[in-house]
Amino acid sequence: MSKLGIYIHWPYCISKCPYCDFNSHKLKIYDPNEWLSAYKNQIKYFKEYLTSQNFKNIKLSSIFFGGGTPSLMQPKLVEQILLFINRIFDFDKNIEITLESNPTNLELKKINDFKSAGVNRISLGVQGLNDNDLKFLGRLHNISDTLNIIDIMQKQISNISVDLIYALSCQNLETWNNELQAFLRRFSIKHLSAYQLTIEKGTKFNDLYNKGKLKTVSDSLYKRFYFSTKNILQEYNFDQYEISNFSKPRFLSIHNTIYWKSDNWVGIGPGAISRIWSKEKERIEFENFKKPETWLKNCLNEKINLRKISKIDFKIAEQEILMMGLRLNKGVDLNKIRNKNFLLNGKVLQLQEQGIIKINKNNLRIDENYFNIHDYIVRKIIDNY
Ligand SMILES: C[S@@+](CC[C@H](N)C(=O)[O-])C[C@H]1O[C@@H](n2cnc3c(N)ncnc32)[C@H](O)[C@@H]1O
Ligand code: SF4
């Protein structure tokens, strides 16, 4: 049976990081009761929609509090949201309940309360492994505090995932390798996401980049960063299961896997997106208002308004299944794709002959040795779909 997850967006942060284009805004005073009502109304709305689409016996696999910085939420608010979801949805016995957190003392004090509220996985935004890189990324925490906080946090919650951003122009490959090894020796984290820095439109980094004041690494240096990071993580028993994601056995992110396998998810909160397979097997997209105040206003009454609800065109839906599925090492299940003509296209056949993509029965995947040029390969496949 396909899986179902709920994403809950909290849009506030202490300050805006220069590389970040997520829907995040500087924290301001808010009324937790208003937010709780709006979240509840939207959860109820989706429960009714799912029931109308015959999702009657489905068990919830995952809940993910993302942001912004949801660790700034009051634990009581997180608890009340989870209690409400639990009242109207059945939970899978292994449900994953993740909360994104920054590694500061502020969050450390709240971890036990989040845990009592039901959170069983923390996704920690470590981002850099030395003070210079953290400063480059505009982070507010320093490395020695971060390491001390993880020491304490991992005694309170066993399932910790860490986010890192690497391949920065200020980084030296050898130093990065040593820092990553020391980090992995010190902590028994279960999951790690290592992202290449991307320059996103509308960010401070994008302005600096356009003015020639920010450099990025060359493709060949990135390739060296990518494969040495992957090799080090593998030496420390992490399996790579997605281009940027590594886990200890059995600790794959259930939530993100729902996205990569194009299963069903419901997005609650400002700017969140939902994707649900309807009973007619059509992919339906729901888009929430992005601005926190607009979303709140539109979800405070029981009869809520969304920004947009649309049926995704068949071709786009299949391209999306390919795009997301090809991020996984195991690739994409071709049984999910009805129009397989693209496999006979000359350019796609050429990728296969070159050993860049592999097709085996009903599975299509990108060979791991070419993951550093993943975007280019996917584009070639999608353009010829
Ligand atoms: C919603 S954000 C993080 C949440 C949390 N507030 C934090 O800062 O740790 C999710 C992750 O995306 C990654 N990320 C965001 N912008 C990025 C960029 N421009 N390049 C690479 N990774 C990025 C970061 O690693 C970040 O932890
Ligand atoms: S990276 Fe995290 S803390 Fe920084 S602005 Fe984005 S969501 Fe907020």
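The values are calculated or read from the model by the stated rules, or taken from the named source; none is laboratory data. In this text, all values refer to a predicted model and were calculated from it rather than measured experimentally. Neighbour counts run over all protein chains shown; Cβ positions are idealised from the backbone, glycine included.
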Condition check for Y166: over 21 Å from E107 (Cβ atoms), within 16 Å of ligand 2 (Cβ to nearest atom), touching a strand residue (DSSP E or B) at 6+ places or on another chain (Cβ under 8 Å) and at pLDDT 95 or above: yes
Close pairs from the range 122-137: first closer than 19 Å to Y209 by Cβ and in the same structural domain as I63 (by TED's automatic domain parsing), partner among the acidic types (D, E) and within 11 Å of ligand 2 (Cβ to nearest atom), Cβ under 9 Å, at least 6 apart: Q127/D163
Of the criteria (1) part of a helix (DSSP H, G or I); (2) crowded, with 21+ Cβ neighbours inside 10 Å, which one I8 fails: (1)
Unique residue being under 21 Å from the mean Cα position of the chain (by Cα) and surrounded by fewer than 16 Cβ atoms within 10 Å (Cβ to Cβ) when the list is N94, N105: N94
Pair list, Cβ under 6 Å, 6 or more apart: the range 54-67 residue part of a strand (DSSP E or B), other residue surrounded by 16 or more Cβ atoms within 10 Å (Cβ to Cβ) and at pLDDT below 95: S61/K3
Residues (assigned to a loop (DSSP other than H, G, I, E, B) and touching a helix residue (DSSP H, G or I) at 6+ places or on another chain (Cβ under 7 Å)) located in the range 20-42: L27
Residues of the range 11-60 satisfying the condition of being small (G, A, S) and closer than 30 Å to Y209 by Cβ: S15, S24
Options L208, L214, L180, L252; residue that is within 16 Å of ligand 1 (Cβ to nearest atom), aliphatic (A, V, I, L, M) and touching a residue at least 60 places away in the same chain (Cβ under 8 Å): L208
Candidate set from the range 204-218 (those that are of a type in the set (S, T, Y) and over 23 Å from H25 (Cβ atoms)); member that is nearest to the chain's Cα centre (by Cα): T216
For Y7: the one exception among (1) of a type in the set (S, T, Y); (2) within 16 Å of ligand 2 (Cβ to nearest atom); (3) touching a helix residue (DSSP H, G or I) at 6+ places or on another chain (Cβ under 6 Å): (3)
Residue count, the range 112-135 (criterion: away from ligand 1 (no atom under 16 Å from the Cβ) and touching a strand residue (DSSP E or B) at 6+ places or on another chain (Cβ under 7 Å)): 2
Qualifying residue in the range 194-214 (condition: buried (at least 18 other Cβ atoms within 10 Å of the Cβ) and either within 21 Å of K248 (Cα to Cα) or at pLDDT below 95 (or both)): yes
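So that you can scan it fast, the table gives a plain yes or no per residue for (1) buried (at least 18 other Cβ atoms within 10 Å of the Cβ); (2) closer than 17 Å to G138 by Cβ; (3) within 11 Å of ligand 1 (Cβ to nearest atom):
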residue: P18; (1), (2), (3): no, yes, yes
residue: K26; (1), (2), (3): no, yes, no
residue: Y39; (1), (2), (3): yes, no, no
residue: E48; (1), (2), (3): no, no, no
residue: S52; (1), (2), (3): no, no, no
residue: S62; (1), (2), (3): yes, no, no
residue: G67; (1), (2), (3): yes, yes, yes
Yes/no for Q171 being under 26 Å from P18 (Cβ atoms), in the same structural domain as K204 (by TED's automatic domain parsing), over 22 Å from the mean Cα position of the chain (by Cα) and not charged (D, E, K, R): yes
Failed condition for S161, given (1) within 16 Å of ligand 2 (Cβ to nearest atom); (2) under 22 Å from the mean Cα position of the chain (by Cα); (3) free of Cβ contacts under 8 Å to residues at least 40 places away in the same chain: (3)
